[in-house]
Amino acid sequence: MARLVIIGKTGQLARELITQGETAGWQVTALGRDVADLSGPAGAAEALKAVLPAHAVINAAAYTSVDRAESEEALAHTINGEAPGALAKECAEAGVPFVHVSTDYVFDGRKSTPYTEEDATAPQGAYGRSKLAGEEAVMAAGGQWLIARTAWVYSPHGHNFVKTMLRLGKMRDEMRVVDDQHGCPTAAHELARCLLAGAAAMVEDRAAGGLYHLAGAGETSWAGFAEGIFSRAEPHWRRRPVLHRITTEEYPTLARRPANSRLDCTQFEADFGTRPEHWEMSLDTVMAALREAEPDLF
């Protein structure tokens, strides 16, 4: 049985990787923050070393508070930049494939078409800079690696846009949601499925790996995403909040969000034969799971 180590245990992606990995026949070892705290890269690397050898390692842990990173850039850089490099180096020395998850925030969002892996990076905030530093550290570590940039991740677990819209939409008659930022909503269960496929391919082919984009098919704005959520909740609420589509300027945040977060995922599909399904199909799955797990939202 192939052995998989997952860095992370309770996050949206980590939970899906654990569940799907075990279902797919991997022997899964998940290292949570209590064992592998990425705010201490050397200690996290030692924790990983203690459970190696393995057939593959997937890093699903990260500092993800985009706005707070503006005032905690040093911490974000340690967790998102230095720690992935330390983990990747440990894997390189052990000859273990390393899979790392990055983000659309490495781009400035000014391109008019979906971003490809060849496009120049230009992060506009602390979070994006920290994630780009992580990409560079993983590449510099050597060994066999796969970096997957994703965007707009959601699931039935943790904190995400879908759950926020359900919580607020159930209480409010009107909602104001940004309509001039566009991206590809990505369900954590689909992202996990594709990452596991990539890890399995790397185990079979030592030449497999590289930098890829991996996000849900289709595209929409945050307001369009909210519309999809409300339309699925309406039969249960027996009402629907009025959605006001606003601009980014009307909803200021500490960190600048990319206006264009769309990612071209054709390369991953060409190399690994799969990609996350359309975001609306995934949203149906996640909403059904939420109705079971958190019926109070409905």
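Derivation of every value follows stated rules applied to the coordinates shown; laboratory data play no part. As the structure is a computational prediction, the values presented were derived from the model and not from experiment. Heads up, the Cβs are rebuilt from the backbone with ideal geometry, glycines too, and the neighbour counts pull from every protein chain shown.
Of the residues A197, A192, A201, which is in contact (Cβ under 8 Å) with a residue 12 or more places away in the chain, in a helix (DSSP H, G or I) and in contact with a Leu (Cβ under 6 Å, 6 or more places away or on another chain)?
Residue meeting the stated conditions: A192.
In the range 272-294, how many are out of contact with any Phe, Trp or Tyr (no Cβ under 7 Å at 6 or more places or on another chain) and closer than 19 Å to P114 by Cα?
Residues flagged as out of contact with any Phe, Trp or Tyr (no Cβ under 7 Å at 6 or more places or on another chain) and closer than 19 Å to P114 by Cα within the range 272-294 amount to 6.
Just to be sure I understand, how many residues within the range 124-140 are surrounded by fewer than 20 Cβ atoms within 10 Å (Cβ to Cβ) and part of a loop (DSSP other than H, G, I, E, B)?
1
Can you spot a residue in the range 34-44 that is surrounded by fewer than 22 Cβ atoms within 10 Å (Cβ to Cβ) and either under 16 Å from W145 (Cα atoms) or aliphatic (A, V, I, L, M) (or both)?
The answer is yes, given that some residue of the range 34-44 is surrounded by fewer than 22 Cβ atoms within 10 Å (Cβ to Cβ) and either under 16 Å from W145 (Cα atoms) or aliphatic (A, V, I, L, M) (or both).
Looking only at the range 233-250, which residues are in a helix (DSSP H, G or I) and under 23 Å from G109 (Cβ atoms)? Outline the logic, then answer.
Residues of the range 233-250 in a helix (DSSP H, G or I): 233-237, 248-250.
Scanning the range 233-250 gives T248, E249, E250.
Any residue in the range 276-298 that is touching a residue at least 60 places away in the same chain (Cβ under 8 Å) sitting within a Cβ distance under 6 Å of a residue that is among the acidic types (D, E) and assigned to a helix (DSSP H, G or I)? List the pairs, counting only those 6 or more apart or interchain.
P276/E190; E277/E190; S282/E190
Check whether at least one residue in the range 71-81 is touching a residue at least 60 places away in the same chain (Cβ under 8 Å) and under 20 Å from the mean Cα position of the chain (by Cα), and report yes or no.
no
Assess whether D67 counts as being touching a residue at least 24 places away in the same chain (Cβ under 8 Å), out of contact with any helix residue (DSSP H, G or I) (no Cβ under 6 Å at 6 or more places or on another chain) and surrounded by fewer than 15 Cβ atoms within 10 Å (Cβ to Cβ).
On the way: touching a residue at least 24 places away in the same chain (Cβ under 8 Å): yes; out of contact with any helix residue (DSSP H, G or I) (no Cβ under 6 Å at 6 or more places or on another chain): yes; surrounded by fewer than 15 Cβ atoms within 10 Å (Cβ to Cβ): yes.
For D67, the condition - touching a residue at least 24 places away in the same chain (Cβ under 8 Å), out of contact with any helix residue (DSSP H, G or I) (no Cβ under 6 Å at 6 or more places or on another chain) and surrounded by fewer than 15 Cβ atoms within 10 Å (Cβ to Cβ) - is met.
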